[in-house]
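One structure is given here, and the rest of the page talks about it.
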Amino acid sequence: MPAPVFSSIEMIRKLIAFDTTSRDSNLALIDFVRGYLAEYGIESELFHDSDRRKANLYATLGPKDRGGVMLSGHTDVVPVDGQEWSSNPFEVTERSGKLYGRGTSDMKSFVAVALAMVPEFLARGLKTPIHLALSYDEEVGCVGVRSMIDAVAKRPVRPAFCIVGEPSLMKPVIAHKGKISVACHVRGLESHSALTHLGVNAVETAAEVIAYLKSMARKRRDHGPFDRQFSPPYTTIHTGTVHGGTALNIVPKDCEFVFEFRTLPGDPAEPLLDEVQRFAAGLVPEMQAVSPEAGISFEMLTSTAGLSEEPDSEVAELARALSGANSVGKVSFGTEAGLFQEAGIPTIVCGPGSIDQAHRPDEFIAIDQVRQCEAFLRRLIDRVGA
Ligand SMILES: [Zn+2]
């Protein structure tokens, strides 16, 4: 039986139909991709998570003894919980030139177009290899991809370039912000709310720390450092969730909140974290005067490297040539690209769809973007073809 051939849109339909919300397994999708590649005689390497519910997939088309170009994308998607969708998010619906479905923009379409073009890549014959690198758990802090990057970066021959197909409207992106996310736990002491002097109010202490973070955010917004190619052009600081307290008439014992720094290249997160921790430490003596067990602790949840390639680097030149764009941009959202660069693989971001549609109800990709992505990859074939 001949190996199956899918159009890009058919392949997008296939991939969207796998519900790969980050909290769930992505193995059904990975099995499908592995089976599909196997029909073309391409072997896939899997990198599982510790309980084998998820996996990264790495596959090489063409010769294995030279660098080549890695096309990389994550297979997971953000949840649809609580979102109002006009159609089933896990079944592609076409309306007026757009394909609707969870992950159409972020970022199964790039992966799907690359997979659909495997027969074209092979038919041409490759003198330079193409590597496909599919990851899991990107949406929860670029967690999954690390095992695959570690393995690939250690090999004697590793990819010369990486293209991460996050939605950029097919415009090459050479830099993005780094991000760290941090949980702060405030431990106070319960008392009757009529006797506030006998308790340590964890919610109020948390509020002071959160307000301090806000003051740090304002300072960066108003005084920089700035890089005008980013929007917004400064490091941002934001608190996302707060949990604390049980009843109005009880001084709350615990409060936990989660915050993040999204940093410009060259504005590292560590000094920012140090600064808020110093502020928090200044609140502790007053708390411990009431309860020696009271305190404030910080736990780093995720840390994602920023991306920063030079506009005249070889990888930026490649991206301009493939996309037909004559400029390169910078974006504020994080991707796995920073981790690839950190591992020594020159990397850019370029993919179909817009980040504006990502993570929203009625996420879509314009079919025109799919066509532009095909054209981009055909130019790549011209470069790497025999
Ligand atoms: Zn994404």
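Numbers for the structure displayed
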{"quantity": "Net charge over other residues, Cβ less than 9 angstrom from the Cβ of residue 316 (K, R count +1; D, E count -1)", "calculated": "-4"}
{"quantity": "Using alpha-carbon coordinates, inclination of helix 270-290 to the longest axis of the chain, degrees", "calculated": "30"}
{"quantity": "Using a Förster distance of 30 Å, the FRET efficiency for residue 215-residue 246 (Cβ separation, nearest 0.05)", "calculated": "0.55"}
{"quantity": "Accessible area (Å², 1.4 Å probe, nearest 10) - residue 210", "calculated": "40"}
{"quantity": "Long pairs among 14/108; 14/64; 177/330, criterion Cα-Cα beyond 20 Å", "calculated": "14/64"}
{"quantity": "Tilt relative to the chain, helix 367-384 - C-alpha long axis, 0 to 90 degrees, to 10", "calculated": "60"}
{"quantity": "Global form of the stretch 248-291, assessed from the alpha-carbon gyration tensor, a/c cut-off 1.5", "calculated": "oblate"}
{"quantity": "Phi to ³J(HN,Hα) by Karplus 6.51 cos²θ - 1.76 cosθ + 1.60 over the stretch 14-30, Hz, x for Gly, Pro", "calculated": "4, 5, 5, 5, 7, 6, 10, 3, 3, 6, 9, 5, 10, 5, 5, 5, 4"}
{"quantity": "Whole-angstrom gap from the stretch 86-121 to the stretch 147-177, using each part's C-alpha centre", "calculated": "21"}
{"quantity": "Probe 1.4 Å - accessible area at residue 31, Å² to nearest ten", "calculated": "80"}
{"quantity": "Fraction of beta bridges assigned by DSSP in the chain that are antiparallel (%, nearest 5)", "calculated": "75"}
{"quantity": "Share antiparallel - DSSP beta bridges, the stretch 62-139, percent rounded to 5", "calculated": "35"}
{"quantity": "Three-way shape label, the stretch 334-386, alpha-carbon gyration tensor, a/c 1.5", "calculated": "oblate"}
{"quantity": "Cross-link partners of residue 253 among aspartates and glutamates (Cα-Cα below 14 Å; sequence separation of 8 or more within a chain)", "calculated": "190, 204, 293"}
{"quantity": "At R0 = 56 Å, FRET efficiency that the Cβ-Cβ distance of residue 123 and residue 284 yields, to 0.05", "calculated": "0.25"}
{"quantity": "Candidates 100, 36, 234, ranked by Gaussian network fluctuation over the chain, Cα under 10 Å, top entry", "calculated": "36"}
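The values are calculated or read from the model by the stated rules, or taken from the named source; none is laboratory data. What you see is a predicted model; the values in this text were computed from it and never measured. A quick note on method: Cβ atoms are made from the backbone with ideal geometry, for glycine too, and the neighbour counts reach across all protein chains shown. Please note that ligands, DNA and RNA were not included when accessible areas were found on the heavy atoms of the full protein model with its side chains. Shrake-Rupley method; radii C 1.70, N 1.55, O 1.52, S 1.80 Å.
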